[in-house]
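Written below as structure tokens is the structure these notes are about.
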Amino acid sequence: IGAMVAAIMAACTSAPPAAQQSATQQPTADTGPAAPAGGHGLSAFIGGFDANRDGVVTRQEYDAVRTQRFTAADTNHDGVLGEDEYVAEFAGRLQQQYAGRAQDERYAGSIKQAHVRFKILDTDHDGKLTLAEENAIAEKTFQRTDTNGDGKIDQADGDKK
């Protein structure tokens, strides 16, 4: 299940091309990662979390993007995400990628996968994704993806797999 979780977490990514931003800035709808909502593998991870689009995902960028997404998803401001909130946030990012294109079977499959992903991330199975649950899997995902152990994710991490 660990590899599946890593792949699923990598799939949670993206935002449309825009101006460069500092790694210390919070990503917005107009800036941030180039590939906001999906895919598997190293390129999808980088595309989904490289907020300043320099080809490198620092831990600071990774945490900032994840925190921004969690906060945006928490529409009722209770500090946790229900499945509907989690999937709606992902669907919003996916719709950015589909701008001007019809939703297809791949889109439907991605939404279905978001429901599965929520159930995996909700480790205590109480129907609520806490920031602690999100952070626990995020830590494992970052460490697993940083195959060369240099504290950042870039194309060099693909050389070690």
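The values are calculated or read from the model by the stated rules, or taken from the named source; none is laboratory data. From a predicted model like this one, the values you see are computed outputs, not experimental measurements. Ideal geometry is used to build each Cβ from the backbone, glycine not excepted, and the neighbour counts take in all protein chains shown.
Given the stretch 43-127, what helices (runs of 4 or more DSSP H) lie entirely inside it while holding 3 or more residues that are touching a Pro at 6+ places or on another chain (Cβ under 8 Å)?
Here the list reads 59-73, 83-97.
With respect to residue 73, determine if the residue is at pLDDT 85 or above and in contact with a strand residue (DSSP E or B) (Cβ under 7 Å, 6 or more places away or on another chain).
Yes: the conditions hold for residue 73.
Taking the stretch 55-102, which residues are touching a residue at least 24 places away in the same chain (Cβ under 8 Å), farther than 30 Å from residue 149 by Cβ and crowded, with 18+ Cβ neighbours inside 10 Å?
Residues satisfying the conditions are 80, 81, 82, 86, 87, 94, 97.
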